[in-house]
Amino acid sequence: MHYGAEGVLACRQCTRPQVDDLPMLMTERRRFDRFPIPNPIRTSVGASPAYVVDASISGIGVMQHVEAPPVGTTCKLMFESDFGPITLECEVARSAVKDGTVQTGLRIVAADDESDSRLRMLVMELAIPLAPKPTGH
């Protein structure tokens, strides 16, 4: 019987449902979706070369071959996009080693108006890929 005398759930199996909370926490941690960049863009984190591998309007994912700065460290990220140069002030949010590379998540803390606009255009292009162009008559 699942309920006790007071109508309260009393079954020990039911009070401990086997729910995997980790995937939900991982997907809901970010306020905005990140979109992969098909051709990673060369940049640097501090003095170390890196590649921008995904982007959102609030964060950037980079891949590098050296240890990332500690979490909480701020850095300036500059890279060229199809829309022009983008300069962002970022904070290291997380870092993990995977398959011999360091994958670092950067939270954007500041951007000038032009860079913000260009980043938004880049993310929009990644989110909504252009339809195939029609061929001639």
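Results for (1) buried (at least 20 other Cβ atoms within 10 Å of the Cβ); (2) farther than 17 Å from Arg34 by Cβ; (3) of a type in the set (Gly, Ala, Ser), shown as yes or no for each residue.
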residue	(1), (2), (3)
Val66	no, yes, no
Asp99	no, yes, no
Thr104	yes, no, no
Ala110	no, yes, yes
Legend entry - Conditions (1) surrounded by fewer than 13 Cβ atoms within 10 Å (Cβ to Cβ); (2) of a type in the set (Val, Ile, Thr); (3) modelled with pLDDT of 95 or more; number of the one not met by Thr87: (1)
Legend entry - strands (runs of 3 or more DSSP E) fully within the stretch 66-123 counting 1 or more residues that are hydroxyl-bearing (Ser, Thr, Tyr), at negative phi and in contact with a Phe, Trp or Tyr (Cβ under 8 Å, 6 or more places away or on another chain): none
Legend entry - Residues of the stretch 93-120 classified as without any contact (Cβ under 8 Å) to a residue 40 or more places away in the chain, under 16 Å from the mean Cα position of the chain (by Cα) and closer than 17 Å to Ala47 by Cα, total: 2
Inset, instruction - Say whether the condition of being within 23 Å of Met124 (Cβ to Cβ) and of a type in the set (Lys, Arg) is met by at least one residue in the stretch 70-79. - result: no
Legend entry - Pick from the stretch 51-65, criterion of a type in the set (A, V, I, L, M) and assigned to a strand (DSSP E or B), ranking: nearest to Lys98 (Cα to Cα): Met63
Inset, instruction - Check Ile60 against each of (1) within 18 Å of Asp33 (Cβ to Cβ); (2) out of contact with any Leu (no Cβ under 8 Å at 6 or more places or on another chain); (3) crowded, with 17+ Cβ neighbours inside 10 Å; (4) not small (Gly, Ala, Ser) and name the one condition it does not meet. - result: (2)
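The values are calculated or read from the model by the stated rules, or taken from the named source; none is laboratory data. The structure presented is a predicted model; accordingly, all values stated were derived computationally and were not measured. For neighbour counting, all protein chains shown are included, and Cβ atoms are generated from backbone atoms with ideal geometry for every residue, glycine included.
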